[in-house]
Structures are given as structure tokens and as C-alpha cells.
Amino acid sequence: MKNFTPVIALALFLQCVSVSADSLRINNATIMTMGSMGTLREADVFIENGEITAIGADLPGAADQVIDADGAIITPAMFAGATTTGLVEVSAVSESVDSSVSETPLGKLHVEFDVRRAYSPHSSLLGITRSEGFGYSLLAATGGQFSIAGVGSLVDFDGGFDSFSGSDTVFIDVDGYSSRKVGGSRAAHWMLLEGAMADLQRRASEQEYLTQAGRNILKRLKADGIFVFSANRAADIKQVLKFVGDHNIKAVIVGAREAWMLAEELADSDIPVMVNGLDNLPADFDSLGARLDNAALLSEAGVTVMFTSDETHNARKIRQGAGTAVAYGMDYDLALQAMTTTAAEVFEGRSRVLAEGNSADLVVWSGDPLEVTSYAIQVIIEGEPISMVSRQTKLLERYLPEDAGMGRAYINR
């Protein structure tokens, strides 16, 4: 893959952010469309009013702004995994964390807890994550008082307050770590969840596990929502498979460190997984079987794979995880799809493929997007080149001197 020189990268950056234009044309690029057009070389993309109006070689027509990509790779804006971006600033500062509800006076499963009502696009994390090449995320409820953490959905990093899309998604913890919330045994998770499902058949006055609001939402989710289960241990994943089959619901498994042991069953059940490509050690007793070729084994078996980093503040590590998965046997194109378009399909959002008529959410890269040394030169969201300046770049400029008498790694060039 061809890399930009720093001079060309800087020129492209300045050209992109200097003006706001109604139409934008990027010429001479290697465009990984992630769709039926495949990868186009020495190709152009024409953007107008936030949409891709043409894509291909030697496109006719002029634009308000023209960028020569000099062969650089362009991909759809990437998926940041399951995060709490927009719900948290500093994890240790309670008033800046809105991703979970730890205690309620009713002592019931609160499916009605919807984290989207606390979302703020002004979070500094959004700007940082977006400038690293990510255009959307799965906004997740975390923790919680019992097994059910709450409801979220896909969220676009376009800076809007109501940028949600796709199906409503309920987040459920069934791992060993969260079992202490339900009395100390992970078996209690399934007792509570079966009770919640039973509440759907009871009259309002007979609700045992859910509030009336929660019952209404769970009933709707069961019909057309998606259940995201946090599980790593093979035995827990096995229980997820049974629960999903018994109740005929759509499901995704996040974590899934031992999912390779059940790859065939997951493929047969058509249950996608979201994994961290860097998981390779037994971090706890739920992940004794963690291995770096987990994604490759799952993908080879026909399981739909997506990536996450397990760290909202370090979503950038997803690219490294996907690259590692490729190094350990996963098909390159499938890994890049998992990083860009797959999540939109799984969670029933709009298409993220670079194609005519789709929103112009794309990234210009310095090199191979799955290579750890590559970086996003410019991110374009809904046809608008976004500022690549973030709190981190400002701190870098402020505290990293041009010549500190140290090695080149410490010098701002």
C-alpha cells in the first residue's frame, strides 16, 4: 500500500479544512467501497450536499473544491465498536458518567433505562475518536443494577444531539464478573431474564420482575429489537444460544473470547459476535480460552464478526485488533468490512458502503488502514471535512517542544 509523505499529507489537510464547499471532488484515490464495486484504483469520488453523487474513474464535472489524493486509500468511516462515547468524559468522575444506573428504589429490571437520553455530542471523546477515522458507534448501556443494563442504538458522530439510527438495542450482562450484582451466581442472570420474559404474559398488576414501562419496551424489543449479550465463557455463550432460540429473538454477543469453541453453533444460529482482536490471554476465569485467531476461526466458520476495543477512551485500538486478526488468519476484506459496514447491517442502520446515493462518510488514510503506523489524514462526515484538531492534538502542540534535546520520538516534526 502506498503511503503519503508528510508534506502531501499536510497539504491535503490544509486544503480540506480551508473552506466549506457545497460540492467536493477527490481525485486519483484508491477507493475501498466495501460494496459491489469492490476496490477502485486511480478513481474519483464526487460529493454534493452531503451525498456521494458519483464514484469511479475519470468522472466528468467540476466541483467547488477539488482534492488530489495522490493514490491514497479511502474507506468508509469506521465503526468504533460498543462504546459510551457521549456518555462519559472521565470515568472516575461520577457526574461525567451516564452509561449505567446502579440502584433504583423499585428493585426491578429496568429495561426502560435508555442511555440515549443522556447522550451529548459535545463530549471531547467524540472529536478525538472521530479524528482517528471513526464515524459511528454502538451507544451502549453498561453495568446496571441487575442483568439488564439498558437500551441504546447506533449513533453517528456527526455532532448532532439526535443522531441515532438502526434498531433499538438492549444490553444484557451474563458474565461471571457481573454475577455479583445478582447474588453471586451467573445462574441468577438466567433466572431473572426468564422471569422478565414471563412478565410479558402477565397482567400489569401481576408484574414481578419488570415495571409496566419496562414490560412495554421489552415486548417491543422482543418483536423488532436486538439483544446484545456480554459473555466470554463458552458455557455462558451456550446459554445465550439456548435463550435466543427459546424466545426467538435477534441477538449479538459482545466479548466472546471463547466463542471459537462454539463457532459452528453460532454460525448455524446466525448470531453475530463483536470481539476484541487483541484478546490473547486469560484475563479472568471467563476467558481461559482466549486466543488471537478467535476472529479468524469464527469468520471461517461463517459467523458474522465485528470488532470492539472494550475501551471507550481507546477506540483507536480497534484497527490494531482487526489488523492482528488478519495476521492470524482472518480474510483482509472481511476484517475491513467488520471495521466499516458490517455493524450498520447487523444493527439495521443505513448503508455505510461508498456508493452513489449514500451519505459521504469516508476517511482518507496515510496508508493501509489496518496497519498500525497508518493514520487518518482527513475524515469527511456527511460530505463535510471535519476538523482534525482535538484536545489531544492541542496538548501535543502545547507540551511537545520542537527540540527538547531528546530522541526523535520526543520531537514534534
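Quick look at the numbers
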quantity: Proximal lysine pairs, the chain, alpha carbons under 27 Å, eight or more residues apart or interchain; calculated: 21
quantity: Set of region 214-258 residues, backbone N closer than 17 Å to the point 7 Å along the Cα-Cβ line of residue 177; calculated: 228-237, 253-258
quantity: By average C-beta atoms within 10 angstrom, highest first, the peptides 308-314, 367-373; calculated: 308-314, 367-373
quantity: Spacing of the two label points (7 Å from each Cα toward its C-beta) at residue 206 and residue 185, in nm; calculated: 2.6
quantity: Sites residue 58 and residue 95, calculated FRET efficiency, Cβ-Cβ separation with R0 56 Å, nearest 0.05; calculated: 0.50
quantity: Centre separation in Å (Cα based) which lies between region 131-157 and region 202-241; calculated: 17
quantity: Gyration tensor verdict on region 78-346 (Cα atoms; rounded if a/c is under 1.5, prolate if a/b is larger than b/c, oblate otherwise); calculated: oblate
quantity: Two-site FRET efficiency, residue 22 against residue 267, from Cβ-Cβ distance with R₀ of 56 Å, rounded to 0.05; calculated: 0.75
quantity: Positive minus negative residues near residue 143 (Lys, Arg vs Asp, Glu; Cβ under 12 Å); calculated: -2
quantity: Theoretical gain in end-to-end length, residue 167 to residue 373 [0.36 nm per residue, Cα-Cα removed]; calculated: 70.7 nm
quantity: Sorted peptide list for 101-108, 267-274, criterion being average Cβ within 10 angstrom, highest first; calculated: 267-274, 101-108
quantity: FRET efficiency, 1/(1 + (r/R0)^6) with R0 35 Å, evaluated for residue 281 and residue 120 via beta carbons; calculated: 0.50
quantity: Contour excess over end-to-end distance, with Cα ends at residue 39 and residue 194 and 0.36 nm allotted per residue; calculated: 51.1 nm
quantity: Within the chain, longest stretch free of exposed chymotrypsin sites (Phe, Trp or Tyr not before Pro) [DSSP loop, at most 16 other beta carbons within 10 Å]; calculated: 1-160
quantity: Table column - 3J(HN,Hα) (Hz), region 281-293, Karplus curve with 6.51, -1.76, 1.60, x for Gly and Pro; calculated: 10, x, 5, 7, 6, 7, 9, 5, x, 4, 7, 6, 9
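Here, each number is a calculation from the coordinates, and none is a lab measurement. From a predicted model like this one, the values you see are computed outputs, not experimental measurements. Cβ: placed from backbone, ideal geometry, glycine included. Neighbour counts: every protein chain shown.
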